[in-house]
Every structure is written in C-alpha cells, then in structure tokens.
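Student: I'd like to ask some things about the structure below.
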Amino acid sequence: MTTCRTTEPDGTRAIGRAIGQAAQPGDVILLAGDLGAGKTVLTQGIGQGLGVEAAVNSPTFVLLHEYHGRLPLYHYDLYRLENLETTVGREWEEFLYGSGVSVVEWANRAAAWLPSEHLLIEFTIESETVRTLRLTASGARHLELLSAVQCS
Ligand code: ADP
Ligand code: MG
C-alpha cells in the first residue's frame with residue numbers, strides 16, 4: 001500500500017503518467033472516490049503515459065470510451081451505471097481481460113464484477129486543491145505496477 005498526497009491537478013496527473021508509462025497489457029486500474037476527487041485527471045495522466053494523443057475526458061453519456069496509445073486504453077465511467085446485468089455487455093468483460101489497459105472510475109459500483117487482480121486507487125478530497133490517493137495492489141503484476149509510482 002502506498003499513500004500519495006497531491007496539491008494540484010498536475011500532481012495527480014503525474015502519478016497517472018507514471019502508471020501509464022509502466023502499464024502492461026491486461027493491467028486494470030480501479031478508481032474510487034467522490035465526484036471531483038480527481039479520477040478523470042488521473043486517467044488523463046495514464047493516457048499521456050500511454051502516448052494517447054486524444055484528450056481524455058469523462059465519457060459522460062457513455063460508460064466506456066476507447067483510446068489508442070502504445071496500448072489500447074479502455075476508460076470506464078460507471079457513475080451512471082444503474083443495473084450491471086442489463087447495461088453491461090459481454091464485450092466489456094473481454095476488454096477487462098484482454099490485452100489493453102483498463103481504467104474504471106466508480107469501480108466500487110461494480111466491485112464484484114471487476115477482476116480481482118488490479119491496482120485500486122482510493123481518492124480522498126482533503127481541501128479544494130489537496131487530494132490523498134491510497135494505492136493498493138492485488139496480485140504480483142499490479143504490485144510491480146505500483147512500484148512504478150513514486151510520490152513526490
Ligand atoms: P472525478 O473524475 O473524480 O469526478 P475530476 O478529475 O473530473 O474528478 O475533477 C477533479 C477536479 O478537481 C478538477 O476540476 C481539478 O482541477 C480539481 N483539482 C484540484 N486539486 C486537484 C488535485 N490535487 N488533484 C486532482 N484534481 C484536482
Ligand atoms: Mg470522472
């Protein structure tokens with residue numbers, strides 16, 4: 001377990017960038033925390049680290065957005081998820097267990113459905129510009145991914 005504290009969006013983005021640079025096919029990064037905590041900002045950094053050129057934003061009306069970088073980036077945002085069974089198709093699972101990198105915002109809304117091997121990042125809003133990120137890895141591969149994160 002690692003705890004990082006950031007004092008501006010770029011600090012959170014930099015952590016994402018380190019994760020994106022070290023990411024390997026099949027990695028799964030689960031994000032939890034309140035609205036405005038910085039989950040999308042972190043995902044932008046992961047996109048940068050993967051060499052995604054398109055702007056990564058909240059997929060407001062879709063639950064999944066795919067970006068193309070060094071590896072495919074599958075950006076899930078489950079904020080609007082109402083019913084897992086009826087909303088989520090098979091292809092979603094294939095992405096999660098495939099050879100891209102998956103990032104899931106609001107992962108707590110579908111915890112049971114998500115892979116048990118993952119890097120979990122829990123955000124806490126400390127003040128307007130301060131965030132605490134608690135990173136917990138499950139499985140050897142994600143422990144290695146976690147070791148790429150240096151809190152500054
Ligand atoms: P979420 O996806 O968790 O709902 P966003 O990433 O969309 O949140 O938004 C985070 C908001 O908080 C942005 O407006 C960002 O500029 C602001 N912010 C302020 N300080 C930080 C910080 N240290 N890390 C990340 N975002 C921050
Ligand atoms: Mg978001």
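Student: Given only helices, namely DSSP H runs of n ≥ 4 each adding -39500 (n - 2.57), what is the per-residue ellipticity at 222 nm of the chain, to the nearest 500 deg cm²/dmol?
Tutor: Details: 5 runs with 43 residues, N = 152.
Here the helix-only value at 222 nm equals -8000 deg cm²/dmol.
Student: Per residue and in cubic angstrom, what volume does the convex hull of the Cα atoms of the stretch 1-58 have?
Tutor: On the way: hull volume 5.7 nm³, N = 58.
Spread over its residues, the Cα hull of the stretch 1-58 gives 98 Å³ apiece.
Student: On the accessible surface of the chain, probed at 1.4 Å, how many percent belong to carbon and sulfur atoms?
Tutor: Values: 3670 of 7580 Å².
It is 48 percent, rounded to a whole number.
Student: Using label points projected 7 Å from each Cα along Cα→Cβ, tell me how many nm separate Arg109 and Glu94, to one decimal.
Tutor: 2.4
Student: Taking R0 as 30 Å, what FRET efficiency do you get between Asn83 and Thr2 from their Cβ-Cβ distance, rounded to the nearest 0.05?
Tutor: Working: r = 34 Å, r/R0 = 1.14.
The pair Asn83/Thr2 has a calculated efficiency of 0.30.
Student: Quick one: length gained pulling Glu53 to Val130 fully straight, 0.36 nm per residue minus the C-alpha distance? Walk me through the numbers on the way to the answer.
Tutor: Details: separation 77, 0.36 × 77 = 27.72 nm, distance 2.74 nm.
The Glu53-Val130 span can extend by a further 25.0 nm.
Student: Another question about this same structure. For the stretch 29-152, what is the per residue volume of the convex hull drawn over the alpha-carbon atoms, in cubic angstrom? Spell out each step's value before the answer.
Tutor: Values: hull volume 13.9 nm³, N = 124.
About 112 Å³ per residue, rounded to a whole number.
The values are calculated or read from the model by the stated rules, or taken from the named source; none is laboratory data. Being a predicted model, the structure only gives us computed values, none of them experimental. FYI the Cβ positions are ideal-geometry reconstructions off the backbone, even for glycines, and counts take in every protein chain you see. Accessible surface is based on the protein model in full, side chains and every heavy atom, while ligands, DNA and RNA are left aside. Shrake-Rupley method; radii C 1.70, N 1.55, O 1.52, S 1.80 Å.
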